[in-house]
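Encoded as structure tokens, the structure appears first; notes follow it.
The values are calculated or read from the model by the stated rules, or taken from the named source; none is laboratory data. Remember, it's a predicted structure, so these values are computed and weren't measured experimentally. No Cβ is skipped: glycine too gets one built from the backbone with ideal geometry, and neighbour counts run over all protein chains shown.
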């Protein structure tokens with residue numbers, strides 16, 4: 001069984017390509033003005049260097065704590081955690097999200113500006129993890145100025161309904177196919 005860092009990083013590694021796509025869509029901008037002024041034949045995309053901390057949470061946390069976000073506060077080993085890196089200014093943004101129960105899709109995320117976070121100097125609630133391999137600083141999103149959230153997205157409720165319908169249809173098709181196969185075998189045996 002994975003513990004500590006190896007367990008914590010699982011979701012981020014699993015959703016690596018999607019995370020990169022989210023960041024690209026938020027931070028890579030088309031620069032049509034530069035294109036026109038420099039008479040190039042293609043659109044120019046501008047990317048400024050920045051660092052993003054990423055944390056994905058499992059669905060059970062979404063159900064209980066969707067108005068909060070957590071940052072690892074300490075580990076028993078004393079190693080620097082995310083809060084230390086943020087306080088030192090080593091990261092510019094945080095992408096914080098939740099995955100669905102099947103851990104196949106990101107269902108909600110936001111990108112927070114950590115300069116705004118540092119300037120707000122919020123007071124967290126500190127809570128030990130279970131198992132006690134670390135502690136977390138818990139923040140409510142409403143503790144921060146509005147400009148903390150750079151971008152946010154939540155999966156549409158219609159998508160969730162369609163997913164359930166699609167699963168039910170698939171289950172029905174499997175059941176019907178199995179029943180049909182059994183019926184055809186029974187008919188051949190008659």
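Assorted remarks:
- Residues that are crowded, with 18+ Cβ neighbours inside 10 Å and assigned by TED's automatic domain parsing to the domain that holds residue 50 number at least 2 in the following strands (runs of 3 or more DSSP E) confined to region 61-139: 68-74, 93-99, 106-113.
- Failed criterion for residue 82 (all others in (1) without any contact (Cβ under 8 Å) to a residue 40 or more places away in the chain; (2) under 14 Å from residue 147 (Cα atoms); (3) in contact with a strand residue (DSSP E or B) (Cβ under 9 Å, 6 or more places away or on another chain) hold): (2)
- Test: residue in region 124-133 that is out of contact with any helix residue (DSSP H, G or I) (no Cβ under 8 Å at 6 or more places or on another chain), more than 18 Å from residue 81 (Cβ to Cβ) and at pLDDT below 90: no
- Residue within region 141-157 that is closer than 23 Å to residue 60 by Cβ, assigned by TED's automatic domain parsing to the domain that holds residue 10 and buried (at least 18 other Cβ atoms within 10 Å of the Cβ) present: no
For every residue, the table says whether it meets (1) touching a helix residue (DSSP H, G or I) at 6+ places or on another chain (Cβ under 6 Å); (2) within 30 Å of residue 102 (Cβ to Cβ); (3) modelled with pLDDT of 90 or more; (4) outside the structural domain of residue 137 (by TED's automatic domain parsing).
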| position | (1), (2), (3), (4) |
| --- | --- |
| 11 | no, yes, no, no |
| 16 | no, yes, yes, no |
| 29 | no, no, no, no |
| 34 | no, no, no, no |
| 37 | no, no, no, no |
| 43 | yes, no, no, no |
| 46 | no, no, no, no |
| 49 | no, no, no, no |
| 54 | yes, yes, yes, no |
